[in-house]
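Trainee: Handing you a structure now.
The values are calculated or read from the model by the stated rules, or taken from the named source; none is laboratory data. No experiment lies behind these values; they were computed from the predicted model shown. Here the Cβ positions follow ideal geometry from the backbone for every residue, glycine too, while neighbour counts run over all protein chains shown. With ligands, DNA and RNA removed, areas are computed over all heavy atoms of the protein, side chains included. Shrake-Rupley method; radii C 1.70, N 1.55, O 1.52, S 1.80 Å.
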Amino acid sequence: MSAVLDGACNVRRAIPAAAREWRWALPDGHPLRRISLDPPAGTPTRGSILFMPGRADFYEKYLETLAEWAAAGWHVSAADWRGQGASGRMTANPLVGHIEDFSIWVADLGALWSDWVRTTPGPHVLAGHSMGGHLVLRAVAEGAASPDAVVLSAPMLGFVTPIPPFVQHIYGRIMCRIGDPERMAWKVSEKPGAPGHDRISLLTHDADRYSDELWWRAERPELEIGPASWHWVERAAASIETLRAPGVLEAVMAPVLVLAAKKDALVSWPAIEKAAERLPRGELVAWGAEARHELLREADPVRRQVMSAITSFLDRAVPAKAA
């Protein structure tokens, strides 16, 4: 598949010819969509990176990043979470993002991790964005995955909301009890109260990269998904509380790079900052108003810094073997 944007071939809108896409059965039989991309022939192997996207995401949004990692010598893989992307849905309404409990996703990642580690060369790096970053961190903290290094992009460790953290879980429970827990928690966009036409202002300063997502949704309609269910909201708050518990993050011994935008309008910068301080081998790199939530899909000046920070971290955390 290929496409043309602004008169030139755009790698963000083309599955690389050498990539493999397939559906892989989880232990309970649910199909998980996966993609893998190996380094170009003759490129020294650095190891392997497994990337997990965020809520309502799909791996096509990150093809640019996956291809850059592969070009640098990494065996790169990604997958859509159960219930989103092209990994099926969990409710009758295909536009609702839903899960019965975040522990299901942690177990899914554990199963995926075990299969992936067996089939890829080390060192093994686990990376995740937003909700994917939250689940990656929880999986590592709970022993479902044991990476040599971890990269978290704008991890969902708290929400940007006027509702205090200690009330969010209770509020979610109430909203589940006064109506169908599987109903949408908000109408449009990525955030309650945000109009659809302002969605880009929550995610990135780069209009072209933002439009890539819309292009892929039109090209592959099965990727379309909307707001989360109230049950997702309640379970997300509960899962965030799990990571806030004393001793949980302190037990993560892997080196962890945390990338964040201080002006993120979706996930809480103060929560990310506090979590990074608790990680024994955590490193935090943050940007100001020049960056929004999707750091890997930001405008070039920021994105180049993000990719450079990841490269620098991996060179220190999992150095390349001498030739």
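Trainee: Kindly check whether there is at least one residue in region 107-117 that is of a type in the set (A, V, I, L, M), modelled with pLDDT of 95 or more, more than 28 Å from GLU190 (Cα to Cα) and touching a His at 6+ places or on another chain (Cβ under 8 Å).
Mentor: Yes, region 107-117 contains a residue that is of a type in the set (A, V, I, L, M), modelled with pLDDT of 95 or more, more than 28 Å from GLU190 (Cα to Cα) and touching a His at 6+ places or on another chain (Cβ under 8 Å).
Trainee: Right, here's the next one. Could you grab me the full set of residues in region 166-191 that are buried (at least 16 other Cβ atoms within 10 Å of the Cβ) and either modelled with pLDDT under 85 or within 20 Å of the chain's Cα centre (by Cα) (or both)?
Mentor: VAL188, SER189, GLU190, LYS191
Trainee: Just give me the residues in region 146-173 being hydrophobic (A, V, I, L, M, F, W, C) and more than 17 Å from SER239 (Cα to Cα), in sequence order.
Mentor: If the condition is that a residue be hydrophobic (A, V, I, L, M, F, W, C) and more than 17 Å from SER239 (Cα to Cα), then ALA149, VAL150, VAL151 are the ones that fit.
Trainee: Looking only at region 7-16, filter to residues that are at pLDDT below 95 and in a loop (DSSP other than H, G, I, E, B); which one of those is surrounded by the most Cβ atoms within 10 Å (Cβ to Cβ)?
Mentor: Looking at the filtered set, the residue picked out is ASN10.
Trainee: Continuing with this model, one more query. Provide a single number: the residues in region 124-138 that are in contact with a Pro (Cβ under 8 Å, 6 or more places away or on another chain) and open to solvent by 10 Å² or more (accessible area, probe 1.4 Å).
Mentor: 2
Trainee: Quick check on this structure: which one of ALA245, ALA207, ALA238, ALA194 is aliphatic (A, V, I, L, M), open to solvent by 50 Å² or more (accessible area, probe 1.4 Å) and at negative phi? Steps first, please.
Mentor: Values: ALA245 fails: open to solvent by 50 Å² or more (accessible area, probe 1.4 Å); ALA238 fails: open to solvent by 50 Å² or more (accessible area, probe 1.4 Å); ALA194 fails: open to solvent by 50 Å² or more (accessible area, probe 1.4 Å).
Going through ALA245, ALA207, ALA238, ALA194 in turn, just one is aliphatic (A, V, I, L, M), open to solvent by 50 Å² or more (accessible area, probe 1.4 Å) and at negative phi: ALA207.
Trainee: Among the residues of region 139-160, how many are under 21 Å from ALA260 (Cβ atoms) and surrounded by fewer than 17 Cβ atoms within 10 Å (Cβ to Cβ)?
Mentor: 1
Trainee: Same structure, new question: For region 23-62, enumerate the residues that are closer than 29 Å to PRO227 by Cβ, out of contact with any Leu (no Cβ under 9 Å at 6 or more places or on another chain) and not in a loop (DSSP other than H, G, I, E, B).
Mentor: Hits for region 23-62 are PRO31, ARG33.
Trainee: Could I ask something else about it? Restricting to region 254-313, name every residue that is touching a Leu at 6+ places or on another chain (Cβ under 9 Å), surrounded by fewer than 21 Cβ atoms within 10 Å (Cβ to Cβ) and among the charged types (D, E, K, R).
Mentor: GLU273, LYS274, GLU277, ARG278, GLU283
A quick yes/no check of all residues on (1) crowded, with 22+ Cβ neighbours inside 10 Å; (2) free of Cβ contacts under 8 Å to residues at least 24 places away in the same chain; (3) farther than 22 Å from GLU222 by Cβ:
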position: TRP24; (1), (2), (3): no, no, no
position: ARG34; (1), (2), (3): no, no, no
position: ALA41; (1), (2), (3): no, yes, yes
position: PRO44; (1), (2), (3): no, no, yes
position: ASP101; (1), (2), (3): no, no, yes
position: ALA107; (1), (2), (3): no, no, yes
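Trainee: When you go through (1) aliphatic (A, V, I, L, M); (2) open to solvent by less than 10 Å² (accessible area, probe 1.4 Å); (3) without any contact (Cβ under 8 Å) to a residue 40 or more places away in the chain; (4) out of contact with any helix residue (DSSP H, G or I) (no Cβ under 6 Å at 6 or more places or on another chain) one by one for MET90, which number turns out not to apply?
Mentor: The failed condition is (2).
Trainee: I'd like to check which helices (runs of 4 or more DSSP H) are fully inside region 202-314 and have at least 2 residues that are modelled with pLDDT of 95 or more and touching a Pro at 6+ places or on another chain (Cβ under 7 Å).
Mentor: The qualifying helices (runs of 4 or more DSSP H) are 230-244.
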